[in-house]
1. Once label points are set 7 Å from the Cα along Cα→Cβ at both Leu150 and Ala478, what is their separation, rounded to one decimal in nm?
2. Could you tell me whether the stretch 404-493 comes out rounded, prolate or oblate from its Cα gyration tensor? Rule is a ≥ b ≥ c as square roots of the eigenvalues, rounded for a/c under 1.5, then prolate if a/b exceeds b/c, otherwise oblate.
3. If you average the C-alpha positions of the stretch 187-223 and of the stretch 265-288 separately, how far apart do those two centres end up, in angstrom?
4. Please name which of Cys377, Gly105, Gly661 has its Cα lying farthest along the dipole of the chain towards the positive end, using unit charges on Cβ (Lys, Arg +1; Asp, Glu -1) and the Cα centre as origin.
5. Return the calculated 222 nm mean residue ellipticity for the chain, to the nearest 500 deg cm²/dmol, obtained by summing -39500 (n - 2.57) across DSSP H runs with n ≥ 4 and dividing by the residue count.
6. Answer rounded, prolate or oblate for the stretch 480-629, using the Cα gyration tensor with square roots of eigenvalues a ≥ b ≥ c: rounded when a/c is under 1.5, else prolate when a/b is larger than b/c, else oblate.
7. Given the pairs Lys726/Lys746; Lys97/Lys230; Lys112/Lys230, which are separated by over 25 angstrom at their Cα positions?
8. Please name whichever of Thr156, Ser234, Ser284 sits farthest to the positive end of the charge dipole of the stretch 139-291, dipole taken about the Cα centre and charges placed at Cβ: Lys and Arg +1, Asp and Glu -1.
Amino acid sequence: MSLVSSICLTLLSAANFVGCGSGKAGGASQYYSNYHPAGWMTVHSGKAVAGVNACTQCHELSVIKVGSGIPTCMTTGCHHQTVPGWANSDVHGTRAKVASDPVSGGSLVSCKICHGNDFAGGASAKTCFTCHGVSAPHPPKPWRTSGGTLWSHTSTDTGNAAVCATCHFPGSANNPAGHPATPAPAGTQPGCYNATMCHADVGAPHALGAIWKDPTSAAYHGIEAKKDLKYCQSCHGTPGTTKFDGGSASTACSSCHSKTTGAGAHPTTWYPASVGTFPGYVPSHRNATDPLNANGSCVICHAVTKAGTSALTAAPSCYSASFGNSEHAAVSCHANGPGLAPHPIGATWTDPKTAGATDATFHGVVAKADLLYCQTCHGVPGTNKFDSGTTTTTCSSCHLQAKAHPDSWYKSPSSIASGTYTASHRNAAAAVNTAQRAAVCGLCHGVTAGAASPVVAAPGCFSGSFNANSCHVNGPGAAAHPAPFLSGMTTTSGTGNTHQTATLAMFNGECINCHDETGPGAGKVGPSCTKCHVSASPLAAGKGAGTCLSCHPDPNFKTLGPAGTTFPNIAGAHAKHMGLPTTLTCATCHTGSQPGEGGANQPHYNGANRGPNGTPTGTGPAPVTISATFKAQTGTLGTTPSLTAFTCNAVSCHGGQTTPGWQTGKLAFNATTYCLSCHKIASTATQYNDATGRHNNPNDHNQTCNYCHDMNSATNNKPGVVNHFKYLNTTAVRVAPDQLSSDTIKFGGGSQPATGALTYTVNPTIGRGGCALSCHGTSHTTNNNTWN
């Protein structure tokens, strides 16, 4: 048998014997002890919550029904009359929020017993509304500490859900908008987190999981947070402080919004023009519900009055002139307060001629830093309109064609400080930042290849030209020509201009848009001409294409080669070789790497090219490929271009022998032996200029070279001596009539000079001439003393 049934039987039995109200003794305490179990005063409130009808069989609830002698719920000294401070919210409110069960004896269910199902007074004739100020058994909305009150429904036991549901059923005007988003099926028992009232998610009054953190989702938490950040703090932080480090909910706002380098409660970059649509959402305080601290969110960290001090030291106030943090440089704020212009007003702001000495005083410079910021007040965010904003001043009233910026917007930029301000999109933040380009330029312009511009008349970022001016057909920051821009190539803008044959007229007509002729090229997207042409502008008179003098400054470069000490003008042995009687050019040793040669890479171009930091991509040595004209009779034609060698191999001009180093090596000038640097003595020739015949047979003729040959033009000025190096570009060693080896014969040298006639008779057949002299103890005549 249940406890309630036992109580009822006990009461009925008492009525049969003595009748209700016929007590044996006075006093409520004595009375209940006669008819209820011991300790009834302590537990009877829970029994009443479990089933008050059992009580009302004997006891009246109303204060106006008295006289039977049986105590009522309103009898003096009973119920909460004995609890000190019961009228205080922290006393009776705490009791009202406990679980509705026979143990607690409290809850909103217990309140209804005396104050009525609608809490309008009931049997007690005392309404809850008078003190609460609203027609509800709780404080005014928002009944949560984040709403600016001391009280919160979040600590109410969910067992009270059935009572809450009488006012907060799905669709009730008492619920926050959109709560629940999808009501529970009809007949579902009321609960705090089952969509029968406000909330649908167990444990949280909002969505959970990826959708809550996805900025492309309309259920993104940032939207709700901007409505009331203080509400977030009630679970995810510590109300009354600046902390968002987690509270009753373990998830801390600061785990994503770092408080070390940022705000801790919202994105670190929190100032851009706001976009609230999806996709494309932009986090920003500008469209938060609390810009003027309407619900007490901003003041948690920020000063909201001009004279106030921010509770969070690093946080700007609503009257800061500028602010920067770990993610962005200082940006201008609303120094005059939210809703007022954050910039100067008047002629200095609109006219670059009167803007003063710094860029920051002119609106154009600030606009180029963030055009969406301007649109916040001077246009309609999320559209391409720069009129109809919150201020009467519109951008389009001055910028008639482009609406948001000057019509002439392509030229090379210059600053106000320079005294010759030129408006240009080239140094706008959105022009050099891909993300900003899509958000800012993309309002009006097509920003990807092939994309149509939202504003039909506006050029795209990949247009070839606009208003008869060439553009960046390959996209922002990309050259309007191939890269590398080699010989034979033309610009992709359609002008047909070339690089390595560019004229000053070509440069001024197109190249100047991206390049300076000289100087560091500051403010231009491309390098200046002199960044690669290190000696002079190739557009200067006498320094143009074909002269080589823009990189190789020596006036005799074309005839004697470079004369400097650093690449690309290291002198080395250039002058020595190019001064020989045989005509030599750069192509003799640099075959295939002349301007325009070398195919796809063009070595000469790469050697001159300098990267963005000014470092040449080629640092030397220059590519060396010897012309096949100078290939030796045997051996593999080539070079050893190491920094310690720079030697040539198998070239006919050196008799196929490895040459001295190009930069510092020399042939030893020794009259007795230095001929052997190029001429080998051999029985059978393996090179075109080998010394054969009696040079090595018999051994008696194997003398030092100067025994028979005088190569000093000061003492032997015959043509064969003077023109010894005239025909290096042929394989013949002797070329008539001015380069005959017999012209070099002049007996009498060596350590054992010959005597006698000392003549050599020339024969039309080379090597068949005869000697007339005495040497090594033998006298010779021209007859029968031929060399070969």
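Values quoted throughout were computed directly from the atomic coordinates according to the rules given, and no laboratory measurement underlies them. Treat the numbers as computed from the prediction; the structure is a model and nothing was measured. Cβ coordinates were reconstructed from backbone atoms using ideal geometry, including for glycine residues, and neighbour counts include every protein chain displayed.
1. Placing both labels 7 Å along Cα→Cβ, they lie 6.7 nm apart.
2. Numbers: a/c = 1.72, a/b = 1.15, b/c = 1.49.
In terms of gyration-tensor shape, oblate.
3. 22 Å
4. Checked the options; the winner is Gly661.
5. Working: 22 runs with 136 residues, N = 788.
Here the helix-only value at 222 nm equals -4000 deg cm²/dmol.
6. Values: a/c = 1.93, a/b = 1.70, b/c = 1.14.
Because a/c hits 1.5 or more and a/b exceeds b/c, the stretch 480-629 counts as prolate.
7. Working: Lys726/Lys746 20 Å; Lys97/Lys230 22 Å; Lys112/Lys230 32 Å.
Too far apart for the 25 Å limit: Lys112/Lys230.
8. So the residue furthest toward the plus end is Ser284.
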